[in-house]
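**Student:** First, the structure itself, so that you have it in front of you.
The values are calculated or read from the model by the stated rules, or taken from the named source; none is laboratory data. Source: prediction; values computed, not measured. All Cβ positions, even for glycine, are placed from backbone atoms using ideal geometry, and neighbour counts span all protein chains on display.
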Amino acid sequence: MNRFKHLVALWILFGAISSCSSNPGADSRPNVLFVLVDTLRADHLSTYGYGRETSPRIDALGQSGWVFENHISHAGQTVPATISMMLSKVPAEHGFLHKGPGHFSKHPPYFDSDLLLLPEVLHDANYRTGGFVANPFLMEKHNFNQGFDYFLHDQGRGAVLTRAALAWIDRSAKKSSQPFFAYLHLMDVHSPYEPPARYAKLFAADEDGSLVYHNGPAPDLSKPDLDFTVALYDAQIRYLDDLVDELLNGLQERGLLENTVVVLTADHGDEFLEHGGLGHGTSVYGELLRVPLILSFPPLLEPGRRVEHLTQHIDLAPTLLDLLGLAQPSSFRGSNLFEPADLIFAENGAWRATYAAGAKLIVNGDSERKELFDEADALDQRRLENRDLEAELQIHLDDYQRLSELFEESRARGESVDSSAWTEAELEQLRALGYTE
């Protein structure tokens, strides 16, 4: 990675020299557009080999940049997954753990000001920062807005947020020549699987089932109902793809896209009976943990690269800082996506998983069930029998559990916000999203 950082330094130096000669007041550092799509599975995007054409614009973005084939989230639920990205820390260290169905509905998270999130790092580096968020767990009342100059929470369609982001880019540019960091957290792929009318029949025209959705086991779900439900999920991806198109076209029209690092990823996926259930926040199988990641910045990342090695969410923020020529804070634990991740952890409730030595071990602490898979088995469908390898990975999970226990012992505060902090309207929204029991 020394060579990569050297190239970044040269590129930034060249940009600074060019801007000084043409416009002494200009700041030529790259902008960042960070799009996180809640509940988006990698294997339902065309660029990851899906049979339906769900994502033509995202596919084109991948062709202009790097597609990470095997990118792993640290949790199958929004709060631990997203905060792991923003803090560059695994859940055992930051402590925002999804402990079971409806956990964060009963115990809303609160992100203390002493936590150093990626937007704060960029704000301190003289980036103008805008956050545009639809997820109800990531509102200002939870202190998720720290580090943002401007923050908008809106639980409507993503079109509200995408247009607000472009408007903010225009508005803030009139006040400052600093580069921007725009973070969008979109819920348009999430349940309740109600795409706009013109998308609803794209993939469900020949299906005669009914929409069924909840988080957890679904042993009696019929194939027609499953097919219909998946078709609506895919239709929402197609709608989301048009939102991405609107964003990228908006940057192109403003002459900003060429100098913008574009990130597209997800917090986690959704399950469609791969392991007997629906929804998310339920386990650590591949359908929940394998998420898309696309990085596009042609000045430094040659188009069309497919990265096959394992990568993980905690390495995303450090990689962005490398691309921008910024130092990584000492609190960040990740390294760089361009190098293989040797050890990855994920968790949800009683479930723990680790990827190491070319394999993945899943352990359920309640049932004491253990399952070993090849890391190339994306959806964890074919169990391996290798006691020595299982024991090797179990050592890693034991270390991870000790880290979690140390954190719990040292944490001075309890829950900062209790369930009474939700308004009735917010609780209704949580129920609609499947976040309550």
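**Student:** Please verify whether the stretch 68-85 includes one or more residues that are over 16 Å from residue 265 (Cα atoms) and at pLDDT 95 or above.
**Tutor:** no
**Student:** Further, regarding this structure: Of the residues in the stretch 68-91, how many are surrounded by 23 or more Cβ atoms within 10 Å (Cβ to Cβ) and either in contact with an Asp or Glu (Cβ under 7 Å, 6 or more places away or on another chain) or aliphatic (A, V, I, L, M) (or both)?
**Tutor:** Number satisfying all stated conditions: 13.
**Student:** From the residues in the stretch 379-425 that are over 15 Å from residue 352 (Cβ atoms) and touching a Ser or Thr at 6+ places or on another chain (Cβ under 9 Å), which one is modelled with the lowest pLDDT?
**Tutor:** Filtering first and then ranking leaves 419.
**Student:** Given the options 91, 119, 108, name the one that is within 23 Å of residue 286 (Cα to Cα) and of a type outside the set (A, V, I, L, M, F, W, C).
**Tutor:** The match here is 91.
**Student:** Among the residues of the stretch 99-139, how many are more than 30 Å from residue 365 (Cα to Cα) and under 20 Å from the mean Cα position of the chain (by Cα)?
**Tutor:** Going through the stretch 99-139 one residue at a time, the tally reaches 14.
**Student:** Report, by residue number, each residue of the stretch 155-173 that is modelled with pLDDT of 95 or more and within 18 Å of the chain's Cα centre (by Cα).
**Tutor:** 158, 161, 162
**Student:** Tell me which residues, restricted to the stretch 189-222, are on the phi < 0 side of the Ramachandran plot and either touching a Cys at 6+ places or on another chain (Cβ under 6 Å) or not in a loop (DSSP other than H, G, I, E, B) (or both).
**Tutor:** The answer is 197, 198, 199, 200, 217.
**Student:** Within the stretch 128-162, how many residues are assigned to a helix (DSSP H, G or I), without any contact (Cβ under 8 Å) to a residue 60 or more places away in the chain and surrounded by fewer than 20 Cβ atoms within 10 Å (Cβ to Cβ)?
**Tutor:** 2
**Student:** Right, next: I'm told residue 192 meets every condition in (1) surrounded by 23 or more Cβ atoms within 10 Å (Cβ to Cβ); (2) modelled with pLDDT under 95 except one. Can you identify the failing condition by its number?
**Tutor:** Going through (1) surrounded by 23 or more Cβ atoms within 10 Å (Cβ to Cβ); (2) modelled with pLDDT under 95 one by one, residue 192 breaks only (1).
**Student:** Consider residue 295 carefully, then state whether it is touching a residue at least 60 places away in the same chain (Cβ under 8 Å), assigned to a strand (DSSP E or B) and crowded, with 24+ Cβ neighbours inside 10 Å.
**Tutor:** In short, yes.
**Student:** Something else about it: Does at least one position in the stretch 40-59 carry a residue that is assigned to a helix (DSSP H, G or I), farther than 23 Å from residue 283 by Cα and in contact with a Gly (Cβ under 6 Å, 6 or more places away or on another chain)?
**Tutor:** Yes, the stretch 40-59 has at least one match.
**Student:** Can you tell me how many residues within the stretch 70-106 are touching a Leu at 6+ places or on another chain (Cβ under 9 Å), part of a loop (DSSP other than H, G, I, E, B) and over 22 Å from residue 331 (Cβ atoms)?
**Tutor:** So the count comes out to 3.
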